[in-house]
Structure formats: structure tokens, C-alpha cells
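Here the structure comes first, spelled out in C-alpha cells, and everything after it is commentary.
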Amino acid sequence: MAWIVLVISGLFEAVWATALGKSDGFSKMSPTVVFILGLILSMAGLAYAMRTLPIGTSYAIWVGIGAALTVGYAMITGAESTSVVKILLILGIVGCVVGLKVLH
């Protein structure tokens, strides 16, 4: 169960990170509310997962999922440039996250 919660928590990390960027310094209400809710859900899930999973592994997987999804979303929406090298590096992050799960 902790692994499922950790993955969902990583998804919410991408949500709050994206909303933070769209909040324009917390001056836009909707993205700010999404940021706050995403942050709370993400941190709560991470804290829950860390009760049974190693802290380093949990944090690395949480950050990896959040980072890969955040930059992937930004590239898909055109907010960030896309290149073969960037895609390969993101796939490297995903591979490392999978590797940490496999080794655990």
C-alpha cells in the first residue's frame, strides 16, 4: 500500500509544482488553491509512505516522479522546449525510479 500511496503522492508533486508556476507568485487564485491542495496531498502521501519505506528511497522516487511528470507536461503543453536529449534524460530519471523500486 505504501508504494501505491508514494506513486500517487509523486503525481500530486507534479500537480503542485505546475500550479506553483501558473500561480504567478500566488497572485492567481485558482492555481494557488490547486498548489495548496496538491502540496498538502503530496506531503501527506510522502509522510505516510515513509512510515514503512526507507526515507532516501521514498524521497528519491517521489522527486523523480514529480520531476519527470512536471517537465513532461511542460514539454507537451509547449511551456518548455523539447529535445531528444531532454527526453532521454527524463527517461533516465524514470529508469532510476524503477530501479530503486526493483532493488527495494
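The values are calculated or read from the model by the stated rules, or taken from the named source; none is laboratory data. Predicted model only: the values in this text are computed from it and were never measured. Every residue, glycine as well, gets a Cβ built from its backbone with ideal geometry; the counts of neighbours run over all protein chains shown. Accessible surface is based on the protein model in full, side chains and every heavy atom, while ligands, DNA and RNA are left aside. Shrake-Rupley method; radii C 1.70, N 1.55, O 1.52, S 1.80 Å.
Enumerate the pairs (first residue in the range 18-35 and hydroxyl-bearing (Ser, Thr, Tyr); second residue anywhere and surrounded by 11 or more Cβ atoms within 10 Å (Cβ to Cβ) and not in a helix (DSSP H, G or I)) with beta-carbon separation below 7 Å, excluding pairs fewer than 6 apart on the same chain, so at least 6 apart or on different chains.
Final answer for the pair search is 32/23; 32/26.
Restricting to the range 64-78, and then to whatever is aliphatic (A, V, I, L, M) and open to solvent by less than 50 Å² (accessible area, probe 1.4 Å), can you tell me which residue is farthest from residue 14 (Cα to Cα)?
Of everything passing the filter in the range 64-78, 75 is farthest from residue 14 (Cα to Cα).
Looking at the range 81-94, I want the residues that are modelled with pLDDT of 95 or more and have a partner that is in a helix (DSSP H, G or I) and open to solvent by 80 Å² or more (accessible area, probe 1.4 Å) with Cβ atoms under 9 Å, at least 6 apart or on another chain. Which pairs are those?
82/76
For the range 1-58, name all the residues that are open to solvent by less than 30 Å² (accessible area, probe 1.4 Å) and outside any helix (DSSP H, G or I).
Those that are open to solvent by less than 30 Å² (accessible area, probe 1.4 Å) and outside any helix (DSSP H, G or I): 23, 53.
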